[in-house]
Amino acid sequence: MSFEELNLNPSILRAIQEAGYTTPTPIQQQAVPELIAGHDIMASAQTGTGKTAAFMLPALHALATPTQIRSRGPRVLVLTPTRELALQVSEAAKKYGKYLPRINVVSILGGMPYPLQNKLLSQPVDILVATPGRLIDHIQRGRIDFKRLQMLVLDEADRMLDMGFIEDVETIAAATPATRQTLLFSATLDNAIDRVAAKLLKTPKRIQVSSPKSKLDNIEQRLHYADDMSHKNRLLNHVLRDETLKQAIVFTATKRDADSLADNLYAQGYAAAALHGDMNQRERTRTLTRLRNGGLRVLVATDVAARGIDVADITHVINFDLPKFAEDYVHRIGRTGRAGAAGIAVSFASVKDGMNLTKIERYTGQRIASHTIPGLEPRIKPRSPGNGPRGTPNVTQRRKRSPFAGHDSRPGFGATGESGRNRNGQRGRSIDADNRGNSFRNSNSNGNRTGYQAARSK
């Protein structure tokens, strides 16, 4: 199938061709015709499968026809869980709609100054991309008129559910016309998502095109066991010296760790910078621009960067700290291997990370092969698979120990720093909060944190 067969507006087709796209992805082939026909849809699609274009192309197609309703408010509203994803969606809208006349795309995000947002909203808006918390603020202040809204898009609804934003999403939806078309995109379509869809969508078409396992087929996954922080840093130094590495994202557990590691790498001569939720929007945008323009070789980030970053030259993703949730592992390593390219995902783990590894492997349906580097072999060997999950105690040692012992397993964390309630009704905060218990660090003789050691080649 070609894009021409999707019956899109010629101006949109021109922009697609200019961007170098010739064949729609499976999610685009299935979603675009249903959306042009006016149906609500709920779709399961992983990052990197072209889902942004799957909803943005038909949205722009609808905008090509003028509306008779007089209002400055948006005709399309896209809700995203994070600022990075919102900016990616905004960029896609501008790219695909560049030849349509008078299409104004506005982003309303946490971290942006209110005076600037007020100015943007005082002008006619066609596409509004927003994070739920900040949008609620503007709705309550009466700054947004949804009178002419035609389409509501919930992007990565599962993430918004986990971050506790669904009540805000329902409040926003209640402020929009009942005649709107509603689109829900999620990595998975489980019972919780079904309940959300039942409240917000009208007889939706259900589309499922991918699974976590199929999404990882073009990404080589490697596991390295690390004895301590010094060993971990030497492993990182070895990986970063790989000549095939063009650009890499290194994921850490906390914001403080991201800053420390980025500073150490920069001091060693790497073009490195940090990205996390404590940075203001201007700093984050500047860092991402440097990454996209090739000015950064290494981005050290928290899970704020696990979704919404699409840079073709990211050849490696390195999990300096394993994520707490298995689905975050998939989103992290999905930053490489984009658009069918090959990628490499490297994870560092201590022998105490066996339970996390088991959860990740069960979620993806794939075993992560353990690798060693000559001269950097771990002193402590992990348990063999036959004796239970890697690096975990045997049955007699486990007794009543929680599988989350030693880890901060609080649910409801969210990457934007906006609080809400998760799917269990519990209060949450930023996913990259400074939960120090989840990091693997060196200590001095008094048990105090010594920080990151500079990575050294053997």
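Structural remarks
- If you filter the range 224-246 down to residues that are part of a helix (DSSP H, G or I) and touching a His at 6+ places or on another chain (Cβ under 8 Å), you find that the one that is farthest from residue 333 (Cα to Cα) is 235.
- The range 288-314, residues that are of a type outside the set (A, V, I, L, M, F, W, C) and crowded, with 21+ Cβ neighbours inside 10 Å: 302, 303, 307, 308
- Among the residues of this structure, residue 287 counts as one that is at negative phi and without any contact (Cβ under 8 Å) to a residue 24 or more places away in the chain.
- Only one of the numbered conditions (1) of a type in the set (Lys, Arg); (2) out of contact with any strand residue (DSSP E or B) (no Cβ under 7 Å at 6 or more places or on another chain); (3) closer than 30 Å to residue 163 by Cβ is not met by residue 51, and that is (2).
This table checks each residue for (1) modelled with pLDDT under 90; (2) buried (at least 23 other Cβ atoms within 10 Å of the Cβ); (3) in the same structural domain as residue 288 (by TED's automatic domain parsing).
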position	(1), (2), (3)
43	no, yes, no
51	yes, yes, no
70	yes, no, no
82	yes, yes, no
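- Residue check for residue 39: closer than 21 Å to residue 146 by Cα, assigned by TED's automatic domain parsing to the domain that holds residue 121 and surrounded by 18 or more Cβ atoms within 10 Å (Cβ to Cβ): no
Per-residue answers, yes or no, for (1) among the β-branched types (Val, Ile, Thr); (2) more than 21 Å from residue 331 (Cβ to Cβ):
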{"residue": "43", "(1), (2)": "no, no"}
{"residue": "53", "(1), (2)": "no, no"}
{"residue": "62", "(1), (2)": "no, yes"}
{"residue": "96", "(1), (2)": "no, yes"}
{"residue": "105", "(1), (2)": "yes, yes"}
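- Filtering the range 55-76 to residues that are in a loop (DSSP other than H, G, I, E, B) and either among the basic types (Lys, Arg) or in contact (Cβ under 8 Å) with a residue 40 or more places away in the chain (or both) leaves 64, 67, 69, 70, 71, 72, 73, 74, 75.
- Hits in the range 90-117 (condition: buried (at least 17 other Cβ atoms within 10 Å of the Cβ) and either in a helix (DSSP H, G or I) or not assigned by TED's automatic domain parsing to the domain that holds residue 54 (or both)): 90, 92, 93, 96, 117
- Helices (runs of 4 or more DSSP H) completely within the range 247-337 that count 3 or more residues being of a type outside the set (Asp, Glu) and more than 26 Å from residue 358 (Cβ to Cβ): 255-267, 281-292
- Every residue from the range 338-366 that is polar (S, T, N, Q) and either within 28 Å of residue 88 (Cβ to Cβ) or assigned to a helix (DSSP H, G or I) (or both): 347, 356, 358, 364, 366
- Residue in the range 25-47 that is within 20 Å of residue 203 (Cβ to Cβ), among the charged types (D, E, K, R) and either over 27 Å from the mean Cα position of the chain (by Cα) or not in a helix (DSSP H, G or I) (or both) present: yes
- Within the range 225-241, considering residues that are over 26 Å from the mean Cα position of the chain (by Cα), among the charged types (D, E, K, R) and within 21 Å of residue 274 (Cβ to Cβ), the one surrounded by the most Cβ atoms within 10 Å (Cβ to Cβ): 234
The values are calculated or read from the model by the stated rules, or taken from the named source; none is laboratory data. Note that the structure is predicted; figures quoted are calculated from it, not measured. So basically every Cβ, Gly included, is an ideal-geometry build from the backbone, and we count neighbours across all protein chains shown.
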